[in-house]
Amino acid sequence: MLALWFLLGVLVPHTAARYTADWASLDARPLPPWYDQAKVGIFVHWGVFSVPGFGSEWFWWHWQGQQPPDQKCVSYMSKNYPPGFSYPEFAPQFHAQFFNPGDWADIFKASGAKYVVLTAKHHEGFTNWGSPNSWNWNSVDTGPHRDLVGDLGEAVRNRSLHYGLYNSLYEWFNPLYLTDKKNGFKTQEFVINKLLPELYNMVVRYRPDLIWSDGDWDAPDTYWNSTEFLAWLYNDSPVKDTIVTNDRWGAGCACKHGGYYNCEDKYTPGQLPKHKWEKCTSVDTLSWGYRRNMKMSELMDLPSIIEDLVRTVALGGNYLLNVGPTPDGMIPAVFEERLRGVGAWLQINGEAVYASKPWRVQTENTTVPVWYTSKGTSVYATMITKPPKLTLLLLGPKTSAVTKVTLLGNLKPLPWSPVSPGGGLTVLLPELPYAPGQAWTLKLDGIL
């Protein structure tokens, strides 16, 4: 009955609803403030795809979905598994025997992130929780035999981090979905009987702070009933006041409708966007899920991550950095090292990141590349490389008689001199200390 009530909540509009099931109304909803203040999040891609650990989290599709199949995946299976081995047979090998949610949450907390997003269900359809709509294809019925979504959520929230869930709308090989697809998406058997009941159940059970929707591009939002679901989410769900959503709710929605914009994976705008956005990217540049054969040269190094983060925040975005755990439940040590490195940098420079706003000038490259943020009356200038000399020329700021310049991590004011009456200053830098990520931030107060 409860599931039926929620389903009716989607199909029958509420006369007293604050938001109606149309994009004009839904897009007007203000983003809950916690999200813009958070700035930094951790993305976690984990599922049955972690077991083969080859190619990427799209392994099943590349092996048996696309035509022609990826021969690398075909060869990998023929060399390592018996003839006739099917993808679902990987699920019992998804043991997660070393998964300690407290350890993961400690790493995420140490990274300086303020929110964590876990794959509750990827395109393979396997849910990392005991979904009653995914019988025997979930982490409680097979594999780990535990509620991965619930266990990690409890640990993350115990460390005062926000918790979000990734959910793929489509499922590559779900028979109901394939039938709807064959019918040109004029039927909604998959949406009515699988997707929506599961989404409602997930929201009510886990009360996420964020829903990271994906897998929407095959069909329009009218097939997915996206606007009806979002109207319920914003009006009547138990998380209506705090929930944040992205923009992947149907073909053509990206960068146009929803909460904040992802636009595309690893989206990097060239200038300040008018709408709140997020860059999702992965430490492993070739995959979001775990790969057994990843090489150091294929990973983002710490300076690259810090530069990416600084640029993203200066342009008004949030930075969601992904790691792919092993099927055993371990975060590879090299990923942990990267995350702790980000945290060490943020411990010193986080004042320029958290709850910051874009400044009137976002960047300049007079001496070295510099990215600006602001907070209150303070302006922050982050150098992403070390200047060749102990002077830094900044042309963007306009100084005053009370201008004060300090280096974050050092309270001692730095000497400076104006460049011209119209603006600019030259700062005399100290010998810059070692910095994780090789980036340093100046705080400028009393700037006009």
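Give me a count of the residues in the range 121-166 that are of a type in the set (Val, Ile, Thr) and farther than 22 Å from Cys280 by Cβ. So that I can check it myself, show each step before the final result.
So in the range 121-166, the residues of a type in the set (Val, Ile, Thr) come out as 127, 140, 142, 149, 156.
Adding the requirement that they be farther than 22 Å from Cys280 by Cβ leaves 140, 142.
So the answer is 2.
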Glu431 fails exactly one of (1) open to solvent by 70 Å² or more (accessible area, probe 1.4 Å); (2) of a type in the set (Asp, Glu); (3) not in a loop (DSSP other than H, G, I, E, B), namely (3)
Where residues in the range 47-71 are over 17 Å from Pro88 (Cβ atoms) and in contact (Cβ under 8 Å) with a residue 60 or more places away in the chain, which of them is least open to solvent (accessible area, probe 1.4 Å)?
Ser56
Qualifying residues in the range 134-150 (those that are within 23 Å of the chain's Cα centre (by Cα) and surrounded by fewer than 21 Cβ atoms within 10 Å (Cβ to Cβ)) - the one farthest from Tyr87 (Cα to Cα)
Gly150
Conditions: (1) within 27 Å of Ala435 (Cβ to Cβ); (2) free of Cβ contacts under 8 Å to residues at least 40 places away in the same chain; (3) hydroxyl-bearing (Ser, Thr, Tyr). Ser282 meets all but one. Number of the miss?
(2)
Could you list, ordered by first residue, the pairs with Cβ atoms under 7 Å in which the first is in the range 342-367 and within 10 Å of Pro436 (Cα to Cα) and the second is open to solvent by 30 Å² or more (accessible area, probe 1.4 Å), at least 6 apart or interchain?
Gly343/Ala110; Ile348/Gly409
Pairs needed: first member in the range 417-446, within 23 Å of Val313 (Cβ to Cβ) and in contact (Cβ under 8 Å) with a residue 24 or more places away in the chain; second member anywhere, among the small types (Gly, Ala, Ser) and in a strand (DSSP E or B); C-beta distance under 6 Å; at least 6 residues apart or different chains.
Leu442/Ala381; Lys443/Ser378; Asp445/Ser378
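Just to be sure, is Leu31 open to solvent by 30 Å² or more (accessible area, probe 1.4 Å) and modelled with pLDDT under 95?
Numbers: open to solvent by 30 Å² or more (accessible area, probe 1.4 Å): yes; modelled with pLDDT under 95: no.
No, not satisfied.
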From the residues in the range 312-326 that are touching a residue at least 60 places away in the same chain (Cβ under 8 Å) and touching a Pro at 6+ places or on another chain (Cβ under 9 Å), which one is farthest from Ala439 (Cα to Cα)?
Thr326
Any chance you could count how many residues in the range 83-113 are over 28 Å from Gln347 (Cβ atoms), outside any loop (DSSP other than H, G, I, E, B) and either out of contact with any helix residue (DSSP H, G or I) (no Cβ under 7 Å at 6 or more places or on another chain) or free of Cβ contacts under 8 Å to residues at least 40 places away in the same chain (or both)?
5
Quickly run through the range 114-160 and pick out the residues that are of a type in the set (A, V, I, L, M, F, W, C), closer than 23 Å to Leu178 by Cα and touching a residue at least 60 places away in the same chain (Cβ under 8 Å).
Ala120, Phe126
Got a number for residues in the range 237-255 being surrounded by fewer than 18 Cβ atoms within 10 Å (Cβ to Cβ) and in contact (Cβ under 8 Å) with a residue 24 or more places away in the chain?
5
Given (1) open to solvent by less than 10 Å² (accessible area, probe 1.4 Å); (2) of a type in the set (Val, Ile, Thr); (3) within 29 Å of Phe94 (Cα to Cα), index of the condition Val334 fails:
(1)
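If only one of Tyr200, Tyr234, Tyr223 is touching a residue at least 12 places away in the same chain (Cβ under 8 Å) and open to solvent by 10 Å² or more (accessible area, probe 1.4 Å), which one is it?
Working: Tyr200 fails: open to solvent by 10 Å² or more (accessible area, probe 1.4 Å); Tyr223 fails: open to solvent by 10 Å² or more (accessible area, probe 1.4 Å).
Unique residue meeting the criteria: Tyr234.
When the range 330-357 is examined, which residues are found to be among the hydroxyl-bearing types (Ser, Thr, Tyr) and touching a strand residue (DSSP E or B) at 6+ places or on another chain (Cβ under 6 Å)?
Residues of the range 330-357 among the hydroxyl-bearing types (Ser, Thr, Tyr): 354, 356.
Ser356, the sole residue that qualifies.
If you scan the range 268-304, which residues turn out to be aliphatic (A, V, I, L, M), in contact with a strand residue (DSSP E or B) (Cβ under 7 Å, 6 or more places away or on another chain) and either more than 21 Å from Thr119 (Cα to Cα) or surrounded by fewer than 23 Cβ atoms within 10 Å (Cβ to Cβ) (or both)?
Filtering the range 268-304 down to residues aliphatic (A, V, I, L, M) leaves 272, 283, 286, 294, 296, 299-300, 302.
Subset that is in contact with a strand residue (DSSP E or B) (Cβ under 7 Å, 6 or more places away or on another chain): 283, 294, 299.
Answer for the range 268-304, where residues must be aliphatic (A, V, I, L, M), in contact with a strand residue (DSSP E or B) (Cβ under 7 Å, 6 or more places away or on another chain) and either more than 21 Å from Thr119 (Cα to Cα) or surrounded by fewer than 23 Cβ atoms within 10 Å (Cβ to Cβ) (or both): Met294, Leu299.
Take the range 404-428 and flag every residue that is outside any strand (DSSP E or B), at negative phi and out of contact with any strand residue (DSSP E or B) (no Cβ under 8 Å at 6 or more places or on another chain).
Within the range 404-428, the subset outside any strand (DSSP E or B) is 408-409, 411-415, 421-422.
So of that shortlist, the ones also at negative phi come out as 408, 411-415, 421-422.
Leu411, Pro421, Gly422 - these are the residues of the range 404-428 that are outside any strand (DSSP E or B), at negative phi and out of contact with any strand residue (DSSP E or B) (no Cβ under 8 Å at 6 or more places or on another chain).
The values are calculated or read from the model by the stated rules, or taken from the named source; none is laboratory data. Because the structure is predicted, anything quoted here is derived from the model rather than measured. When we count neighbours, we look across all protein chains shown, and the Cβ atoms used for this are built from the backbone with ideal geometry, even at glycine. Just the protein is used for accessible areas: all its heavy atoms, side chains included, with ligands, DNA and RNA removed. Shrake-Rupley method; radii C 1.70, N 1.55, O 1.52, S 1.80 Å.
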